[in-house]
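Contents: one structure, followed by commentary.
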Amino acid sequence: MKQILFNMTPSQLEAFVTEIGQPKFRAKQISEWLMRGAPNFSVMKNLPESLRHDLDERAQTLPVNIVKKLESRDGETTKFLLELYDGEQIECVLMRTSYGNSVCVSSQAGCAMGCKFCASTLLGLKRNLSTNEIFSQILVAQWELRSDKFDKHQIHPNGDANNGDVSHIVVMGTGEPLQNTENVIGFIERANHEMGIGWRHITVSTCGIVPGIHDLIKWGRPINLAISLHAPTDELRSQIMPINNKYKLSDVLTAANEFTNAHNRQLMIEYILLGHKNENGETELYNATIEYAEKLADLLHGKNCMVNLIPWNAVDERDFASPSGNAVHRFQDILIQRGIHTRIRRERGTDIGSACGQLRLNNAKKINDQR
Ligand code: SAH
């Protein structure tokens, strides 16, 4: 197996370059390229060609290899399917927005949570990602952004802070971040220290692992917290999110509010709007009825929060349906009338299967078909 240079400490990298007969300063040159997300050695034009060739034979740059890169038609969203050293695949998504460049990263290969509407969990959990594997996802996005604007071989390895770099991170890709809290925290610390991304530009989304939220409180960084709520009653939530059998709605909200109050932040609530098909093939509302909107408003009354309504992104294997635009707006209107900050999340990159875990799932299916 090829050595992964990004996983080496500075002294290990120096030892490595010395071993292949190179002066020590090459280690510094290489690590600057690694921090810019260089996907291979051929782009490292300040290294002699023979060395680049040699490196290519023995090593790889990052612990993730790009298997597929998809661009949405509007050019705003780029989705990457990445392969890890053991053949596991993960996804990350770059979103170019009016407020900056946001990257959605995965925290696990697969997911154990079993939410009934989600594609990520269909193949179960394979393993946790390392801090380096999570961090590499934003480096891949960073490289992509710089190549948007420049011929990347021409710019200085340290780049230019204002050229449209990654500015926001959401830990909302495949996996449950609070089942891999230590590595997620390690990643966020590095993103802040090494890439200069502000705490308040970083969001962790959880299905509601209460001890994990307490770990975040102890950690004490003022990041944003998003809770995937998706239902306003324990009865309904337990039907679509098995984790609710372990941590009840009221406990999740209490812990989440404790976190956001400590940092004077607004709690983000994610609410997917789901319908399902009845016997006549018509779409009936599931958690998106007027009754549930009222219940959600009761539940969130007086809390400092923002509700993101997310029309469900269809996943073939799942028995739900997306509600109509009218139903979505009706649901939002009720919350707003009741004084709850609410917005409808604009879906990005639906033309490139940007819903959680779709790309990874489709690729796994294709590999199975070929066998
Ligand atoms: N496990 C974490 C983070 C990953 S999921 C969590 O539960 O928050 C990120 C968000 O996407 C969650 O709110 C999740 O419920 C939502 N999601 C999953 N599948 C979806 C789909 N098909 N359409 C729209 N949103 C989806």
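Only the coordinates and a few stated rules stand behind these numbers; no lab work does. A quick note: this is a predicted structure, and the numbers were derived from the prediction, not measured. No Cβ is skipped: glycine too gets one built from the backbone with ideal geometry, and neighbour counts run over all protein chains shown.
For the reader, a short list of remarks on this structure follows.
- DSSP beta bridges fully contained in the chain are about 50 percent antiparallel.
- Unit charges on C-beta of K, R, D, E only; dipole of the chain, Debye: 460 debye
- Cα pair distances of the stretch 292-356 binned at 10 Å [whole percent]: 19, 45, 28, 8
- For the chain, built as a Gaussian network whose Cα springs stay under 10 Å, the top-fluctuating residue of Ile217, Ile20, Ile336: Ile20
- Positive-pole candidate from Asn244, Asn7, Met95, dipole of the chain, charges at beta carbon: Asn7
- The ellipsoid that matches the Cα gyration tensor of the stretch 212-371 has semi-axes, each √(5λ) in whole angstrom, of 28, 22, 15, with the longest given first.
- Note on Ile290 and Lys28: the model spin-label points, each 7 Å out from Cα along the C-beta direction, lie 7.0 nm apart.
- The GluC sites (Glu not before Pro) of the stretch 1-35 include none that meets both conditions, a loop assignment by DSSP and at most 14 other Cβ atoms within 10 Å of the site Cβ.
- As a calculated quantity, the FRET efficiency between Asn280 and Arg127 at R0 = 35 Å, using C-beta atoms, amounts to about 0.20.
- Note on the stretch 1-67: along the principal axes its Cα atoms extend 33, 24, 23 Å, ordered by decreasing extent.
- Note on Thr97 and Thr254: the extension gain reaches 53.3 nm, defined as 0.36 nm multiplied by sequence separation minus the Cα-Cα distance.
- Eligible aspartates and glutamates near Lys303 by straight Cα distance, threshold 14 Å, same-chain separation 8 or greater: Glu258
- More than 21 Å apart - percent of Cα-Cα pairs taken over the stretch 180-248: 34 percent
- In the chain, taking the dipole from charged Cβ atoms about the Cα centre, the farthest positive-side position among Gly124, Leu253, Leu285 is held by Leu253.
- From the largest down, the stretch 1-160 spans 55, 34, 21 angstrom on the principal axes of its Cα atoms.
- Using 0.36 nm per residue and subtracting the Cα-Cα separation, the extra length available between Ala364 and Glu194 on full extension is 57.8 nm.
- Cα pair distances exceeding 18 angstrom across the stretch 26-106, given as percent: 52 percent
- Backbone N within the stretch 309-344 under 14 Å of label point (7 Å from His301 Cα along the Cβ vector): 335, 337-340
- Alpha-carbon centroids, the stretch 335-352 and the stretch 62-94: separation in whole Å: 26 Å
- The simple spin-label model puts a point 7 Å past each Cα toward its Cβ; for Glu83 and Lys45 those points are separated by 2.9 nm.
- Residue-wise HN-Hα coupling along the stretch 217-227, computed from phi with Karplus coefficients 6.51, -1.76, 1.60 (Hz; x: Gly, Pro): 5, 5, 4, x, 7, x, 7, 8, 10, 10, 10
- Label-point separation in nm, Ile66 to Glu235, each point 7 Å along Cα→Cβ: 5.0 nm
- Estimated 222 nm signal from helices in the chain, with DSSP H stretches of n ≥ 4 weighted -39500 (n - 2.57), rounded to 500: -11000 deg cm²/dmol
- Cross-link table Lys116/Lys246; Lys116/Lys248; Lys218/Lys295, entries beyond 21 Å C-alpha to C-alpha: Lys218/Lys295
- Computed on the chain, the Cα convex hull volume stands at 150 Å³ per residue.
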